[in-house]
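We did not get these values from a lab; they are worked out from the coordinates using the rules stated. Since this is a predicted model, take the numbers as computed values, not measurements. With ideal geometry, Cβ positions are generated from the backbone for all residues, glycine too; neighbour counts draw on all protein chains shown.
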Amino acid sequence: MSDRFGPYGVTLLRVSLGLMFLAHSIVLKLMTFGLAGTAQFFEGVGLPGWLAYATFAAEALGGLALVAGVQARWVALALAPILIGAIVSVHGAKGWVFTAPGGGWEYPAYLFVLCIAQTLLGDGKFALSPSVSLAKVTPQEAHA
């Protein structure tokens, strides 16, 4: 990134994405529905109840890691399948707009794209534990 402000933009992406995952886990799953209620919802859409607890933990811990800048590239990549799962198992059949009854798939799709962008861009500024560069983990031919 040649622009001197680019890394700050990546930081803004990282922190806002982390805050969204924290809000979705802590505020929605824990404080609004409760973990037992979230598990009941998961079961109601055909998913195992234990997956609600695993999803909550992944979103909360992943959100904290993103905000702090702890291996943000890899955390975002690890969170991306949760969003695909949300689209496939819950939101996909409800239509595009997330405000539709039951929520559509636009919001989880957008968060998925943001996770992929974070994976490609890296950590930005002020990361506590910066990720290994993609250039170091991909074959040299990919950079030609």
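What to note about this one:
- Sequence-distant aspartates and glutamates (8 or more away, or on other chains) whose Cα lies within less than 19 Å of Lys94: Glu43, Glu106
- Measuring how big region 6-127 is from its alpha-carbon positions, Rg and Dmax come out at 14.3, 43 Å.
- Measuring nothing but how far apart in sequence close Cα pairs (under 8 Å, 6+ apart) lie, relative to its length, region 6-127 scores a relative contact order of 33 percent.
- Rounded tilt (10° steps) of 72-86 against the dominant C-alpha axis of the chain: 30
- Potential lengthening of the chain between Thr32 and Leu12 amounts to 4.5 nm, from the contour at 0.36 nm per residue minus the alpha-carbon distance.
- Gap separating the Cα centres of region 114-132 and region 19-33, nearest whole Å: 22
- Sorted on the mean count of surrounding Cβ atoms within 10 Å across their residues, most packed first, peptides 51-61, 71-81, 94-104 read 71-81, 51-61, 94-104.
- Residue-averaged 222 nm ellipticity for the chain, from DSSP H runs of 4+ at -39500 (n - 2.57), nearest 500: -18500 deg cm²/dmol
- Full extension of the chain between Ala135 and Ile84 gives 15.8 nm of extra length, using 0.36 nm per residue less the Cα-Cα distance.
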